[in-house]
Structures are given as structure tokens and as C-alpha cells.
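The values are calculated or read from the model by the stated rules, or taken from the named source; none is laboratory data. Predicted model, so just to flag it, every value in this text is computed and none were measured. Counting neighbours? That spans all protein chains shown, and the Cβs are built from the backbone with ideal geometry, glycine included. SASA here: full protein model, heavy atoms, side chains in, ligands and nucleic acids out. Shrake-Rupley method; radii C 1.70, N 1.55, O 1.52, S 1.80 Å.
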Amino acid sequence: MSNNSIAKAIRILEGLLRGLDQAYWEANSLDRKDFFYDLISALHAELSELGKLSVQDHDLEYEPVTEEFRAARPKLSRLRKLVDDFALRSTTALSLEGLIDETRVLLGRHSPVL
């Protein structure tokens with residue numbers, strides 16, 4: 001299995017999705033909820049496309065698939081810089097930092113923005 005396999009990408013993106021969902025429910029303004037919802041929607045689209053692959057393909061190298069996810073990456077980068085302001089609970093902010101960092105490592109050469 002490659003270092004950034006599709007199987008690893010699915011695990012990381014599902015974790016990020018759970019973290020963003022937690023932050024969404026903790027957000028106290030519609031602007032913040034919209035911000036999180038946009039990222040959640042992009043991740044759902046990406047994971048939906050990855051879910052269409054056969055199990056045999058899960059060892060292949062991961063590359064971002066959907067335009068929605070590629071377009072949402074600058075927002076993910078922005079969230080990483082402002083996570084303490086955007087996530088109200090300390091535990092959620094700390095969790096999101098780690099999840100975003102994992103995603104940055106996963107995207108590596110595929111993401112000049114992150």
C-alpha cells in the first residue's frame with residue numbers, strides 16, 4: 001500500500017468530516033455554519049466519488065477527485081489559520097488542527113494552497 005493510498009485518504013477525510021460536523025453543530029452564527037457546511041459538502045462529494053472505486057483500487061495513490069474538494073481547499077487552509085476563532089470548544093479546535101494537518105500531509109504535492 002502506498003504512503004498516500006486511497007484507503008488512507010478515505011480514513012483521513014472521514015475523520016476530517018467528523019471534526020467539521022462537530023464544529024458545525026458548535027458554531028453560533030449562520031456565517032460560521034455556512035462556512036463549515038461548504039467544507040462538509042465538498043468532503044461528502046469527494047468521499048462519494050472515492051466510495052465508487054473498487055476495493056482493489058484502494059492501494060492506488062490518492063489524488064483529489066472532485067472539483068468541489070479542490071475548490072474548497074483554500075477554505076480549509078483559512079480554517080487552519082483561524083481554527084481557534086472558528087471552533088468554540090478547545091477540544092474541537094485541537095482536534096481540527098490535527099485533522100487539517102493530516103489532510104495537508106495527504107494532499108502534499110497536490111495542494112500548493114495548504
| message | For region 41-56, which positions are surrounded by fewer than 18 Cβ atoms within 10 Å (Cβ to Cβ) and either under 17 Å from LYS75 (Cβ atoms) or among the hydroxyl-bearing types (Ser, Thr, Tyr) (or both)? | response | SER41, HIS44, ALA45, SER48, SER54
| message | Going by what's in this entry, would GLU63 be described as closer than 23 Å to SER5 by Cβ, under 15 Å from the mean Cα position of the chain (by Cα) and open to solvent by 70 Å² or more (accessible area, probe 1.4 Å)? | response | yes
| Are any residues in region 8-40 crowded, with 17+ Cβ neighbours inside 10 Å, among the small types (Gly, Ala, Ser) and either over 10 Å from the mean Cα position of the chain (by Cα) or over 16 Å from GLU97 (Cβ atoms) (or both), and if so, which ones? | ALA9, ALA23, ALA27
| Cβ pairs under 9 Å, 6+ apart, first in region 76-90 and open to solvent by less than 60 Å² (accessible area, probe 1.4 Å), second of a type in the set (Lys, Arg) | LEU76/ARG104; SER77/ARG104; PHE86/ARG32; PHE86/ARG78
